[in-house]
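The values are calculated or read from the model by the stated rules, or taken from the named source; none is laboratory data. If you're wondering where the values come from, they're calculated on a predicted model, not measured in any experiment. Here the Cβ positions follow ideal geometry from the backbone for every residue, glycine too, while neighbour counts run over all protein chains shown. Surface accessibility is based on the protein's heavy atoms, side chains included, excluding ligands, DNA and RNA. Shrake-Rupley method; radii C 1.70, N 1.55, O 1.52, S 1.80 Å.
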Amino acid sequence: MTTRHMKALTEVGNHEIGNLNSLKVKTVAHGAIVVGADVDNFTLVELGYNAEGERTCKQLSDVAKKSYLIATPEDRYLGEQLVDFYNGVGDRARIVVLEAAYTRFDSSAFVLDATAPKVTNGQKAHWDVAAKKFRIHDGSHVDYATASAKFEVVSNEDDLEYTNGKEQVRFEVIEA
């Protein structure tokens, strides 16, 4: 027999993780309320407003739209792991404004394109709407030309102690 509490204490999440690497970042004043569906940290969102005039965010739906990084700080209790955290519908999230040559961050939300068999510095990336991840490639991907936000791979991290085994890639914004 089990209990709801036991299940909550023993299940491990599989959400995306990351880290801000810029000394300072610009954030959207008062953040934004997550709408529509839950959103993992260190992924891209688009902004809007609700009926009360409050700023909202949801997962980026079109690569051509203006995009922002959702990077809400985690408060860890009772041994929670970073993979357990996500931004739930109704949560107020921290939204980072992307700036070229200024914003750097790590994210586990990435997939390799056929043109990038492994992660190496200098590769290009953009948000893949269907995969809900950054697509790493050689710069020739069809959606890269129309993406409002473009990134360059500047490092890959494999710190298993803090990431529950999730590999992370460090991105720098090259166009926002």
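Please tell me if Gly31 is loosely packed, with under 15 Cβ neighbours inside 10 Å, closer than 26 Å to Tyr102 by Cβ and modelled with pLDDT of 95 or more. The answer is no for Gly31.
A count restricted to the stretch 1-26 and to residues that are open to solvent by 70 Å² or more (accessible area, probe 1.4 Å), under 22 Å from Phe105 (Cα atoms) and out of contact with any Phe, Trp or Tyr (no Cβ under 7 Å at 6 or more places or on another chain) stands at 4. Looking only at the stretch 14-38, how many residues end up being closer than 18 Å to Tyr86 by Cβ and either in contact with a Leu (Cβ under 9 Å, 6 or more places away or on another chain) or not small (Gly, Ala, Ser) (or both)? The number of residues fulfilling the criteria is 12. When you scan the stretch 45-60, do you find a residue that is over 29 Å from Asp143 (Cα atoms), out of contact with any Cys (no Cβ under 7 Å at 6 or more places or on another chain) and in contact (Cβ under 8 Å) with a residue 40 or more places away in the chain, even just one? No, the stretch 45-60 has no match at all.
Return the residue satisfying two criteria in turn: it lies in the stretch 102-117 and is in contact with a Phe, Trp or Tyr (Cβ under 8 Å, 6 or more places away or on another chain) and part of a loop (DSSP other than H, G, I, E, B), and of such residues it is farthest from Gly165 (Cα to Cα). If we take residues in the stretch 102-117 being in contact with a Phe, Trp or Tyr (Cβ under 8 Å, 6 or more places away or on another chain) and part of a loop (DSSP other than H, G, I, E, B), then Ala109 is farthest from Gly165 (Cα to Cα).
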